[in-house]
Amino acid sequence: MACDQIELAVSGVQQLSPYQAGKPIEELERELGITNSIKLASNENPLGPSAKALAAAREALSEVTLYPDASGHRLKSVLSAKYGLSNDQLTLGNGSNDLLELIARVFVRPGDQVIFSEYAFIVYPLVTQACCAQAVITPAINYGHDLDAMAAAINEKTRLIYLANPNNPTGTVFTKSELLAFMAKVPESVIVVLDEAYTEYLTAENMPDGLELVPKFSNLIVTRTFSKAWGLAGLRLGFAYASTQLTDLLNRVRQPFNVNIAALAAAEAVLDDAEYLAKSRQVNSDGLIQLAAGLSKLGIEFIPSQGNFITIDLKQPSMPVYEALLREGVIVRPVGIYKLPNHLRVSVGLESENDRFLTALEKVLG
Ligand SMILES: *Cc1c(COP(=O)(O)O)cnc(C)c1O
């Protein structure tokens, strides 16, 4: 009898379904026989890359015969200078997803528990499952994390807690004092991962700054990314900030050359491009206002967002609307995988793109 190779996989992987990324624009256009579509599906920066970052990445390419600096020393120094950090508390990742997974691999044993919120970023259940651990999912409040419930869910099996501020796909946030009250209830033996992928977009008052809190909490790991406001999603780069001890553990398991030379060079350059970041933030806050106004005019409910996306509640199954929008050349993201079958997530685009989405939505629902 043929060997069922599924059974060869560790139990967590046997039960795992692969991450469903949005289809590339070219593939969708070919399938639908359309052109000129816009993609507001993956929370990518609508500005295109920073010219400085692009020039640095191009220049770095002349060195592709060489391995990258395994420690990313230069980039770490630039990060440390910019944010007041310490190089030996930084870990670089091939995207912050790489780090979210690395953290689980370092700390989570089969049978351990990992806590995260209902509607939290999909990578948390994915890595939990891959470690053959048990996901403890606390019900959301107004789509956001219920930090009290998360603290109450801690027991002797808890290893790790994932928090996202803002969260994707809901755009919800918690305040600094809420986070501090939560951290006070978490034993030092439980690692808290604070995923700040969208932190540069925050405009709300009293938001926590994870980097500033790391020195106060030996069990806190903060992750950040260059994929969103910094506009480098395709190069794959993120970083984690934590105590030297936790950082040492992460770096034991990290692949030595997990970050490529183009990413290292581009990140260094973009950190020096204050204008690009300012523009990213401006286009995003203007876009959120534009989308909120347009949606309100159409009578469509949405979750107030602090990210670079907005999730709308259609009060009806969203897949047919998603498909109708596709035929209009507007690609957004269904969030059924998050158990939000009536919602769609729309990334903030340029003004003209947001307009096009709103016009298409009105037509499709009309
Ligand atoms: C986009 C996103 C990330 C970033 O992923 P990268 O691997 O750095 O591209 C991390 N966390 C959340 C919640 C996100 O939405």
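Remarks
- Among residues of segment 329-366, those that are basic (Lys, Arg) and within 9 Å of Leu40 (Cα to Cα), counted: 2
- Any chance Gly231 is assigned by TED's automatic domain parsing to the domain that holds Arg58, in contact with a Gly (Cβ under 6 Å, 6 or more places away or on another chain), within 15 Å of the ligand (Cβ to nearest atom) and under 30 Å from Lys279 (Cα atoms): no
- Restricting attention to segment 48-60, the residues that are away from the ligand (no atom under 16 Å from the Cβ), part of a loop (DSSP other than H, G, I, E, B) and not polar (S, T, N, Q) add up to 1.
- Count of segment 66-79 residues which are open to solvent by 20 Å² or more (accessible area, probe 1.4 Å) and either aromatic (Phe, Trp, Tyr) or within 16 Å of the ligand (Cβ to nearest atom) (or both): 1
- If the condition is being open to solvent by 20 Å² or more (accessible area, probe 1.4 Å) and small (Gly, Ala, Ser), then segment 239-268 contributes Ser243, Ala265.
- With respect to the stated conditions, Glu63 fails to be within 16 Å of the ligand (Cβ to nearest atom), open to solvent by 50 Å² or more (accessible area, probe 1.4 Å) and touching a helix residue (DSSP H, G or I) at 6+ places or on another chain (Cβ under 6 Å).
- Qualifying residue in segment 47-55 (condition: closer than 24 Å to Val193 by Cα and either in contact with an Asp or Glu (Cβ under 6 Å, 6 or more places away or on another chain) or among the aliphatic types (A, V, I, L, M) (or both)): no
- If you filter segment 80-101 down to residues that are more than 18 Å from Leu220 (Cβ to Cβ) and within 8 Å of the ligand (Cβ to nearest atom), you find that the one that is surrounded by the most Cβ atoms within 10 Å (Cβ to Cβ) is Gly95.
- Residue within segment 15-36 that is over 30 Å from Arg327 (Cβ atoms) and assigned to a helix (DSSP H, G or I) present: no
- Leu163 vs. criteria within 24 Å of Lys82 (Cβ to Cβ) and either part of a loop (DSSP other than H, G, I, E, B) or at pLDDT 95 or above (or both): yes
Okay, residues lined up against (1) buried (at least 16 other Cβ atoms within 10 Å of the Cβ); (2) more than 20 Å from the chain's Cα centre (by Cα); (3) not assigned by TED's automatic domain parsing to the domain that holds Tyr143:
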position: Leu291; (1), (2), (3): yes, yes, yes
position: Ser296; (1), (2), (3): no, yes, yes
position: Gly299; (1), (2), (3): no, yes, yes
position: Ile303; (1), (2), (3): yes, no, yes
position: Gln306; (1), (2), (3): yes, no, yes
position: Lys315; (1), (2), (3): no, yes, yes
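- Failed condition for Ser305, given (1) away from the ligand (no atom under 16 Å from the Cβ); (2) touching a residue at least 40 places away in the same chain (Cβ under 8 Å); (3) not acidic (Asp, Glu): (1)
For every residue, the table says whether it meets (1) surrounded by 14 or more Cβ atoms within 10 Å (Cβ to Cβ); (2) in the same structural domain as Pro24 (by TED's automatic domain parsing); (3) touching a strand residue (DSSP E or B) at 6+ places or on another chain (Cβ under 8 Å).
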{"residue": "Leu288", "(1), (2), (3)": "yes, yes, yes"}
{"residue": "Thr311", "(1), (2), (3)": "yes, yes, yes"}
{"residue": "Glu323", "(1), (2), (3)": "no, yes, no"}
{"residue": "Gly336", "(1), (2), (3)": "yes, yes, no"}
{"residue": "Leu344", "(1), (2), (3)": "yes, yes, yes"}
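- Residue count for segment 102-113 satisfying the condition of being among the small types (Gly, Ala, Ser) and within 16 Å of the ligand (Cβ to nearest atom): 1.
- Test: residue in segment 175-189 that is at positive phi, of a type in the set (Lys, Arg) and in the same structural domain as Phe121 (by TED's automatic domain parsing): no
- The C-beta contact set for segment 114-128 (first residue in the same structural domain as Asn142 (by TED's automatic domain parsing) and on the phi < 0 side of the Ramachandran plot, second residue open to solvent by 20 Å² or more (accessible area, probe 1.4 Å) and near the ligand (Cβ under 9 Å from one of its atoms), distance under 6 angstrom, 6+ apart or interchain) comprises Val123/Asn97.
The values are calculated or read from the model by the stated rules, or taken from the named source; none is laboratory data. As the structure is a prediction and not an experimental result, all values here were calculated from the model. Using ideal geometry, Cβ is built from the backbone for each residue, glycine included, and neighbour counts are taken over all protein chains shown. For the accessible areas, the whole protein counts, side chains as well, though only heavy atoms, and no ligand, DNA or RNA atoms are used. Shrake-Rupley method; radii C 1.70, N 1.55, O 1.52, S 1.80 Å.
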